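The values are calculated or read from the model by the stated rules, or taken from the named source; none is laboratory data. If you're wondering where the values come from, they're calculated on a predicted model, not measured in any experiment. We place every Cβ from the backbone using ideal geometry, glycine too, and count neighbours over all the protein chains shown.
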Amino acid sequence: MTTHLINLALALLFLALMAQLSIQTPEALGGIPITGQSLAVLLVGLLLPAPYGGIAVLLYVLLGALGLPVYAEGRSGWGVLSGGSGGFLIGFIPAAFLLGYLRQRGWGQHLGRSLLANLIGTVLIVSCGLLRLAMLYDWPRALDYGLYPFVEGAIVKIFIGGFIAWSLLRRPSPA
């Protein structure tokens, strides 16, 4: 039990720190930062045993909603969840739970499956984000603000997260 609580605390710290790593996109692309948040979600979801990765991400989203400055650029509050970033933040939760489920089935132990798990998690996060943006604006603007500027970064995060998870979870080769 103590190990799980320590892992949850470390996961929350990791999520909050990775959210502060950001690269600002040009205003023409919406000015929305590319952050380490989604990479952290992918790693926490796949590295912690189910359901702890999902619980850690749920707590992260709730702590930010309650006012702790843990979201990207130190943002927080219910306004962030109801705004354009809200769909992505909400999407983090089912993605982390799904990745934990896939981990239990050994997906993190094989590089191809680890990459595929990260792709699936990313698609789930982006889908939730795009749905929220489409509710706020329309589909063309949702794609302009929530997809196109982030495709390359998402691909890089899928590979980084997949490789790290696989490196840490793979079974040692027999000696």
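In this structure, does residue 38 turn out to be among the hydroxyl-bearing types (Ser, Thr, Tyr) and under 20 Å from residue 7 (Cα atoms)?
The answer is yes for residue 38.
Being polar (S, T, N, Q) and in contact (Cβ under 8 Å) with a residue 60 or more places away in the chain is the filter here, so list the residues in region 89-111 that pass it.
Restricting attention to region 89-111, the residues satisfying the condition of being polar (S, T, N, Q) are 104, 109.
Residue satisfying the conditions is 109 alone.
Given the conditions (1) part of a helix (DSSP H, G or I); (2) within 18 Å of residue 33 (Cβ to Cβ); (3) touching a helix residue (DSSP H, G or I) at 6+ places or on another chain (Cβ under 8 Å); (4) at pLDDT below 95, report the number of the one that residue 152 does not fulfil.
So the condition that residue 152 fails would be (3).
If we scan region 118-129, do we find a residue that is in contact with a helix residue (DSSP H, G or I) (Cβ under 8 Å, 6 or more places away or on another chain), free of Cβ contacts under 8 Å to residues at least 60 places away in the same chain and over 19 Å from residue 85 (Cβ atoms)?
Looking through region 118-129, at least one residue is in contact with a helix residue (DSSP H, G or I) (Cβ under 8 Å, 6 or more places away or on another chain), free of Cβ contacts under 8 Å to residues at least 60 places away in the same chain and over 19 Å from residue 85 (Cβ atoms).
Conditions (1) assigned to a helix (DSSP H, G or I); (2) touching a residue at least 40 places away in the same chain (Cβ under 8 Å), marked per residue:
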position: 5; (1), (2): yes, no
position: 16; (1), (2): yes, yes
position: 19; (1), (2): yes, yes
position: 25; (1), (2): no, yes
position: 40; (1), (2): yes, no
position: 44; (1), (2): yes, yes
position: 50; (1), (2): no, yes
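Hey, any hits in region 77-84 for a residue that's at negative phi and touching a residue at least 24 places away in the same chain (Cβ under 8 Å)?
Yes, because at least one residue in region 77-84 is at negative phi and touching a residue at least 24 places away in the same chain (Cβ under 8 Å).
Yes/no per residue for (1) β-branched (Val, Ile, Thr); (2) closer than 30 Å to residue 167 by Cβ:
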position: 33; (1), (2): no, yes
position: 60; (1), (2): no, yes
position: 68; (1), (2): no, no
position: 71; (1), (2): no, yes
position: 77; (1), (2): no, no
position: 90; (1), (2): yes, yes
position: 107; (1), (2): no, yes
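Give region 72-89 a look and list any residue that's within 13 Å of the chain's Cα centre (by Cα), at pLDDT 95 or above and under 19 Å from residue 21 (Cα atoms), or say none.
86, 88, 89
Can you report the number of residues in region 27-38 which are in a loop (DSSP other than H, G, I, E, B) and either within 22 Å of residue 120 (Cα to Cα) or out of contact with any Pro (no Cβ under 9 Å at 6 or more places or on another chain) (or both)?
Final tally of qualifying residues: 3.
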